[in-house]
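A short worksheet on the structure shown next.
The values are calculated or read from the model by the stated rules, or taken from the named source; none is laboratory data. Quick caveat, the model's predicted, so the values are computed rather than measured. Because the Cβ atoms are built from the backbone with ideal geometry, glycine has one as well, and the counts that use them run over all protein chains shown. Note: accessible area is taken over every heavy atom of the protein model, side chains too, but ligands, DNA and RNA are not part of it. Shrake-Rupley method; radii C 1.70, N 1.55, O 1.52, S 1.80 Å.
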Amino acid sequence: MSNRGSFSNKLGFILAAAGSAVGLGNIWSFPFEVGAGGGAAFLLVYLFFCFILCFPVMVTEIAIGRKTQLNPAGAYEALGFKKWRILGLLGIISGVVILSFYNVVAGWAFGYFIELLSGHFEIGSQFSTFIKDVFKVGLYAMVFMFVTAFIVSKGVSGGIERASKILMPTLITMILGLVFYSLTLDHAFEGIKFYLVPDFSELTLSVMGNAMGQAFFSLSLGMGALITYGSYVGKNDNIVTSAAFITLADVGIAFIAGLMMFPMVAYLTDGTMEGAGQGAGLIFTVLPGAFESLGPLLGVLIGSLFFLLLSFAALTSTVSLLEVPVAYIVDEKKIKRNRAVWIMATIIFVLGIPSLLSNGYSGFFSSFITYVGAENATSFMDFAQNVANDTFLPLGGCLISIFAAYAWKTKNLNEEIALGYPNYMGSFIQKYLNFAVTILCPLVLGTMFLLTLLQTFFGVTLF
């Protein structure tokens, strides 16, 4: 256990876990998912998934981690359920796959920071060319992975917690500053209207599935991150309030990222909001033009600040994603933390090379697979995201709930949650969490997993 470390206090855990949750998912993918989902209708479904379904899963994951003080695979075995170890391994594999392509996107963000710092505003119109430059983007991604590994190598309190205490307040300050700026732009109201006034005709099964995937991705659920972080939490910490703070931080930052983003889109489109749902490249194609209009000095300042913010957000998540397989190696293979970190960082970077090549550089990886019933081929990066993020994470959340309710039993879950929460037993929170873990989460997450699986990979839409 001496190799594992722990958080120094509850605040350290909350900031680190919130940092895990707050990342590119909030500032990069959340705005374009909202845009593709028609705006406010997607936002409402996303909030539902976060608070009603994701929160109980988060509490359960943290409780399992704290009870066992082990990595996701070791945790199930330590509770006496060796066959469930595969669920922990599924989470670890999901995190590794996600980090492999996430690090490439982090390389884009860091690269844009460098480009805009030098006043290269044309990078927005050159996005498709930029992501094909595998040597430049690969170098940025390598630098990003190195910084991630360096932080994780310093341990739980000395690396992850210390970095989170700096990165999270800085991140929030930067994003709030950019929100105030974006609200002063022409046509800002049209952007806010698109974002906050729902059009329920836009609400489809696909939108709901994307909202569920976004919620699980942004909250780092189903991939073992919160079981791992929970294993470093003290027995006297209140898991429920910690999970509530983490969920609020994640949702709050995603929400204000939308307040920042859509007024900028409205400004560039003269209020028409055309292109708001154009996809993953939204912030990389839209924003440089908005920053250029501010003039050479202010444009460089605001533009580089935004992509530095995006890089900071990515870093808080890459740190937690790397910690999951590192904890597994430290616990299971008895390898020292420093060595485990650099081994896993190298392996994951190499695993990310196909994603790096799949944005136009390599025809094979750019058109990697064609799903049943699909007209166009899917790139390797999108395929990795569909498998690990859209499929494995909700499946993991569903199975974690089933495990807690029917294998480990809610009685044992309640006893662990009650540590640090004296008024938990008999409370409304206990009754709701038990209902959610026993019935609601398995039913809804299981159904959404199956529907998403059928629609994404087999072109079958049941509703």
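Residue pairs whose Cβ atoms lie under 7 Å apart, sitting 6 or more positions apart in sequence or on different chains, and linking a residue in region 334-356 that is touching a residue at least 40 places away in the same chain (Cβ under 8 Å) to a partner that is open to solvent by less than 80 Å² (accessible area, probe 1.4 Å) and in a loop (DSSP other than H, G, I, E, B), are K336/N3; R337/N3; R337/G155.
Checking the structure you have, find out if any residue of region 394-403 is in contact with a Cys (Cβ under 8 Å, 6 or more places away or on another chain) and among the hydroxyl-bearing types (S, T, Y). Yes, there is a match, as at least one residue in region 394-403 is in contact with a Cys (Cβ under 8 Å, 6 or more places away or on another chain) and among the hydroxyl-bearing types (S, T, Y). Which of the residues spanning region 64-84 are part of a helix (DSSP H, G or I), open to solvent by 50 Å² or more (accessible area, probe 1.4 Å) and in contact (Cβ under 8 Å) with a residue 24 or more places away in the chain? Hits for region 64-84 are K67, W84. Condition test on Y432, is it surrounded by fewer than 16 Cβ atoms within 10 Å (Cβ to Cβ) and either of a type in the set (S, T, Y) or touching a Ser or Thr at 6+ places or on another chain (Cβ under 9 Å) (or both)? Yes. How do the pairs read when you match residues in region 187-216 that are farther than 24 Å from T247 by Cβ and at pLDDT 85 or above with residues anywhere that are surrounded by 20 or more Cβ atoms within 10 Å (Cβ to Cβ) and hydrophobic (A, V, I, L, M, F, W, C), using Cβ under 6 Å and keeping only pairs 6 or more apart or on different chains? Pairs that qualify, where the first residue is farther than 24 Å from T247 by Cβ and at pLDDT 85 or above and the partner is surrounded by 20 or more Cβ atoms within 10 Å (Cβ to Cβ) and hydrophobic (A, V, I, L, M, F, W, C), are H187/A266; E190/A266; G191/F262; G191/V265; G191/A266. Can you spot a residue in region 297-309 that is among the small types (G, A, S), crowded, with 24+ Cβ neighbours inside 10 Å and either more than 26 Å from the chain's Cα centre (by Cα) or modelled with pLDDT under 85 (or both)? No, that holds for no residue.
Can you tell me which residue in region 384-418 is nearest to S100 (Cα to Cα), limited to those that are modelled with pLDDT of 95 or more and open to solvent by 30 Å² or more (accessible area, probe 1.4 Å)? Taking the candidates together, the pick is L399. When A249, A244, A266 are checked against the criterion of being within 30 Å of N71 (Cβ to Cβ), surrounded by 20 or more Cβ atoms within 10 Å (Cβ to Cβ) and not hydroxyl-bearing (S, T, Y), a single residue qualifies: A249. Looking at L294, L298, L309, which one is in contact (Cβ under 8 Å) with a residue 12 or more places away in the chain and not acidic (D, E)? The match here is L309. In region 142-187, the residue that is least open to solvent (accessible area, probe 1.4 Å) out of those that are among the aliphatic types (A, V, I, L, M) and not in a helix (DSSP H, G or I) is L185. Within the set L44, L87, L139, L99, the sole residue that is of a type in the set (A, V, I, L, M), in a helix (DSSP H, G or I) and open to solvent by less than 10 Å² (accessible area, probe 1.4 Å) turns out to be L99.
Restricting region 230-254 to residues that are more than 30 Å from L196 (Cα to Cα) and not in a loop (DSSP other than H, G, I, E, B) leaves a set whose member that is nearest to the chain's Cα centre (by Cα) is G230. Considering I329, I335, the condition of being surrounded by fewer than 22 Cβ atoms within 10 Å (Cβ to Cβ), out of contact with any Ser or Thr (no Cβ under 7 Å at 6 or more places or on another chain), in a helix (DSSP H, G or I) and modelled with pLDDT of 85 or more is satisfied by I329 alone.
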